[in-house]
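Some notes on the structure that comes next.
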Amino acid sequence: MFIDTHAHLDSPKFDSDREDVIRRAREAGIDTIVNIGFNRETIPTTMGLARQYPFIYAAVGWHPTDAGDMKLEEDLGWIEKLCQDPKVVAIGEIGLDYYWDTPREIQHIVFREQIRLARRIGKPIVIHNRDAHEDVVRILREEKAEEVGGIMHCFSGSWETAKQCLDMNFDISFGGPVTFKNARVPKEVLARVPDDRLLIETDCPYLAPHPHRGKRNESAYVALVAESAAEIKGITIQELAFLTSANARKRLELP
Ligand SMILES: [Zn+2]
């Protein structure tokens, strides 16, 4: 009944019990998981999971903090080729990260080139945005990302930024932080995101929701994100599950 639209189940943090983690997700009612491969190491391991499990899909792209490591032409070609695989549903996660110190000019080039690739082959994009709201919105606009649209992953910005992204054909996805008691802004933003543009995710093993905050996250916990989101929206968890799953299926052309 739930879709986890953003997971990193190939992370070494799951090496000791990956099968159990995936089984628990299924038992918690997660019927589809989108795993994200974001650099030279995690793209192959993500593809491996997508090939092994019928209910795991892949997004592949180059993360801004790994931008310095990208061989632009060669790796864009690699991503483009992988996008022909029916299990690859998006390009991502791509974007800007001003928290870490990867040079911004390099991040911009890698971000722009991947948006251009997405437009060329008609794939939605999954956006990572950390402390870079203004530049992310500006580059999405300049590169006409609206044409393919996509997902603002683990959204942490203001309503003003959310509105700009919604207007550019991006859905807004919330993860664990929205469950934290002191998360006033994310809760307010979630309340205002239209029902047909809202998504949920875990970003596991990172960003575990309350009451697991600070511990390893896993896909089963997307149910906790759903619980918070339903409460904020004033609807039942079943309604929330139904509408966010429908949104994810539509956006990513999932079965
Ligand atoms: Zn991620």
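How do 30-42, 58-70 rank on mean C-beta neighbours within 10 Å, highest first?
58-70, 30-42
Taking H as built 1.01 Å from N, whose amide H comes closer than 5 Å to the amide H of residue 210, not counting residues under 5 places away?
Placed amide hydrogens put 179, 180 under 5 Å from residue 210.
Placing +1 at every Lys and Arg Cβ and -1 at every Asp and Glu Cβ, with all other atoms neutral, what dipole size does the chain have around its Cα centre, in debye to the nearest 20?
Dipole size: approximately 400 debye.
How big is the shadow of the Cα convex hull of region 70-196, averaged over all directions, in nm²?
The Cα convex hull of region 70-196, projected and averaged over all directions, gives 8.2 nm².
Residue by residue through region 88-99, which ³J(HN,Hα) values in whole Hz follow from phi under the Karplus form 6.51 cos²θ - 1.76 cosθ + 1.60 (θ = phi - 60°), with glycine and proline marked x?
Calculated HN-Hα couplings, in order: 8, 9, 6, 9, x, 8, 10, x, 9, 9, 9, 6 Hz.
Just the number please: accessible area per residue for region 30-168, 1.4 Å probe, all protein chains included, in Å².
Heavy-atom accessible area per residue stands at 42 Å².
Based on alpha-carbon centroids, what's the gap between region 133-153 and region 165-200 in Å, whole number please?
17
So what are the ³J(HN,Hα) numbers for region 160-167, from phi and the Karplus equation (6.51, -1.76, 1.60; θ = phi - 60°), rounded to whole Hz, Gly and Pro as x?
Computed from phi, the couplings for region 160-167 are 4, 5, 4, 4, 4, 5, 4, 5 Hz.
Projected onto the charge dipole of region 107-255 (+1 at Lys/Arg Cβ, -1 at Asp/Glu Cβ, origin at the Cα centre), which of 255, 118, 161 gives the Cα projection farthest towards the positive end?
After comparing all options, I get 118.
Calculate what fraction, in whole %, of the accessible area of the chain sits on carbon and sulfur atoms when a 1.4 Å probe is rolled over the protein chains.
The computed percentage sits at 51.
Starting from the Kirkwood Rh over alpha-carbon pairs, what translational D in µm² s⁻¹ does region 199-243 have by Stokes-Einstein at 37 °C and 0.692 mPa s?
Rounded to a whole number, D works out at 310 µm²/s.
Over the chain, how many pairs of lysines fall under 25 Å by alpha carbon, counting only those 8 or more apart in sequence or from different chains?
For the chain, the number of qualifying lysine pairs is 26.
Could you pull the Rg and Dmax for region 1-80, using just the Cα atoms, both in Å?
Rg then Dmax for region 1-80, in Å: 13.5, 42.
Sequence-distant or interchain residues sharing an amide H contact under 5 Å with residue 151, placed H: which?
125, 126, 127, 171
What value, in deg cm²/dmol to 500, does the helix sum -39500 (n - 2.57) over DSSP H runs of n ≥ 4 give at 222 nm once divided by the residues of the chain?
Mean residue ellipticity at 222 nm (helix-derived): -13000 deg cm²/dmol.
Quick one: which of 216-222, 113-119 comes out on top by average Cβ neighbours within 10 Å, and what's the full order, highest first?
216-222, 113-119
Ranked highest first by average number of other Cβ atoms within 10 Å, how do 234-247, 2-15 line up?
Ranking, from highest mean packing down: 2-15, 234-247.
Under the Karplus relation 6.51 cos²θ - 1.76 cosθ + 1.60, θ = phi - 60°, what is the ordered set of whole-Hz ³J(HN,Hα) values for region 207-215, x standing for Gly and Pro?
6, 4, x, 4, x, 9, 3, x, 9
Semi-axes of the chain's equivalent ellipsoid from the Cα gyration tensor, sqrt of 5 times each eigenvalue, largest first, rounded to whole Å?
25, 21, 17
Relative contact order for the chain using alpha-carbon pairs under 8 Å, separation at least 6, rounded to a whole percent?
20
The values are calculated or read from the model by the stated rules, or taken from the named source; none is laboratory data. Just so it is clear, the structure is predicted and the values come from calculations on it, not from any experiment. A quick note on method: Cβ atoms are made from the backbone with ideal geometry, for glycine too, and the neighbour counts reach across all protein chains shown. All accessible areas refer to the heavy atoms of the entire protein, side chains included, with ligands and DNA or RNA removed. Shrake-Rupley method; radii C 1.70, N 1.55, O 1.52, S 1.80 Å.
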